[in-house]
Amino acid sequence: MERNFNPCVVEILGAYWGDEGKGRAAFFESQDAHLVLRTTGGDNAGHTVYFKGEKIPLHLIPSGIIWPQTTAVICNGVVINPVILYEEIQMLSKYVDITPEKLLISGSANMILPYHIDLDGIQERKRGNQKIGTTNRGIGPCYSFKSDRFSLRMHDVFRDEKDLIELIKLNLKNREEEFRKAGLTYSVEEIYEYCMEAKRNLGKFIGNPDLVLWPAIRDGKKVVIEGAQADRLDLEVGDSPYCTSSYCNPSGTLSGAGIGPKFANKIIATVKAYCSRVGNGPFPTIQNNDAGDTIRRLGHEYGTTTGRPRDCGYLDLVPINPLRGYTDLCLNHLDTIGLIGKEIGCIYICTAYIYQGEKITYYPDDISVTKEIPTPLYEKTFNGGWEIPEGCKSFEDLPKKAQEFVEFIEEFTQTPVSIIGIGPRNEDTIIR
Ligand code: IMO
Ligand code: MG
């Protein structure tokens, strides 16, 4: 028997703590894609794309939906707030005709319910000074109900009335005591009505993604997965407990659509020319000083989802873990880091840490136990900065120092930088 298959799935992931600019890589990779998918996370994600000169902030719908030939699929691994998703559909309808052929929502995806959002806030308060700094979208509690196997999935809105009411009662019973202690009450009727509204607004989009995924993959058509969150926020391999509640590493991102690993063709890790983090948790190269303020100001580092100012610091290559098997890097803000260098005089790249008195070149997995933030070693520095010249189209058009910056990253990570962002608009991109 012949072994015959076409690896045609492209994954776009964040290599750090989110907000690396996955939208840019998604925009380019999706232009010739057949399917564009979201497979993990929920509306904690905020992806900005620029379309016909307008800035479009997206939370749940993969941004590749803006290309005419794509079908967007929100897969089983996503947790869906139906109110937010409906708002997003309405907002996008200005640009794209959103029909059930254009957007498919997995019936198996779990639904975020009002009590998940309330519980998110309660759990954060319980943590006192060890808050995670969540986006307060109910993400963690929704995934926790899912693991408890007390959840409402999108296709549950099609159950008959009696059956759905039974299921809602069971869900409420799961955390009855917790709700009572917190003084929270939810009526079965209110949750039922919430589900009916989801059915009215989203029902026609709900279906089984396997039925479009398999024919596409079987025929070798391009499938792009727009990852959410990032490697250090991954529940399995990230900075637990300062992480999100889904698996946003390359394997988890496939799992959220039920796609087997043999179909992955390209695994793009998105990075910025500096680092940022929002929410709490370790951030070795953080700059709580003028340099950090300059990066934030020049990079416009404020959350898309929450508007929170992001912590900023120098580029850290240590968290890019070779074990993940990234095939490509997408480097954003090469223009910004040049301007930062011009303003603050010197830019740094971290290539190792001092941790527990030793030099290490990997990201430690026990920071939460030792409570020691690794001290960055900046073994590569660039004096001054650069400005991207008008009309820059190719790598060769970049200032020498900017080329050196890119080549250093490639050499160190042994991974080609195949997409480079040199400005906020999509056209400000070098594809290699
Ligand atoms: P995109 O896809 C940046 C962070 C939160 C918090 C932690 C847990 O835009 O890169 P959660 O609400 O998920 O329980 O919060 O994860 N976080 C993100 N940070 N970008 C994101 O998504 C994030 N999604 C979650 O700030 O620290
Ligand atoms: Mg974001």
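The values are calculated or read from the model by the stated rules, or taken from the named source; none is laboratory data. Computed from a prediction, not measured in an experiment: that's the story for all the values here. Here the Cβ is made from the backbone with ideal geometry for all residues, glycine too, and neighbour counts use every protein chain on show. Accessible surface is based on the protein model in full, side chains and every heavy atom, while ligands, DNA and RNA are left aside. Shrake-Rupley method; radii C 1.70, N 1.55, O 1.52, S 1.80 Å.
Per-structure values
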item	result
Residues located in the range 240-279, provided they are over 15 Å from the mean Cα position of the chain (by Cα) and charged (D, E, K, R)	K262, K266
Residue count, the range 39-75 (criterion: over 16 Å from the mean Cα position of the chain (by Cα), more than 21 Å from P424 (Cα to Cα) and open to solvent by 10 Å² or more (accessible area, probe 1.4 Å))	3
Yes/no for P389 being touching a residue at least 24 places away in the same chain (Cβ under 8 Å), touching a Leu at 6+ places or on another chain (Cβ under 9 Å), of a type outside the set (D, E, K, R) and open to solvent by 20 Å² or more (accessible area, probe 1.4 Å)	no
Candidates N289, N280 - the one that is surrounded by fewer than 18 Cβ atoms within 10 Å (Cβ to Cβ), out of contact with any helix residue (DSSP H, G or I) (no Cβ under 9 Å at 6 or more places or on another chain) and either β-branched (V, I, T) or within 26 Å of C350 (Cβ to Cβ) (or both)	N289
In the range 234-244, the residues that are of a type in the set (A, V, I, L, M, F, W, C) and either under 16 Å from H47 (Cα atoms) or more than 16 Å from ligand 2 (Cβ to nearest atom) (or both)	L235, V237
Cross-chain or 6+ apart pairs with Cβ under 6 Å, the range 112-130 first and hydroxyl-bearing (S, T, Y), then crowded, with 17+ Cβ neighbours inside 10 Å	Y115/Y186
Residues of the range 306-336 satisfying the condition of being under 24 Å from W386 (Cα atoms), open to solvent by 10 Å² or more (accessible area, probe 1.4 Å) and among the acidic types (D, E)	D311, D335
Single unsatisfied condition, F27 versus (1) within 16 Å of ligand 2 (Cβ to nearest atom); (2) within 13 Å of the chain's Cα centre (by Cα)	(2)
Pair list, Cβ under 9 Å, 6 or more apart: the range 89-108 residue more than 11 Å from I61 (Cβ to Cβ), other residue in a loop (DSSP other than H, G, I, E, B) and aliphatic (A, V, I, L, M)	Q90/I98; S106/A257
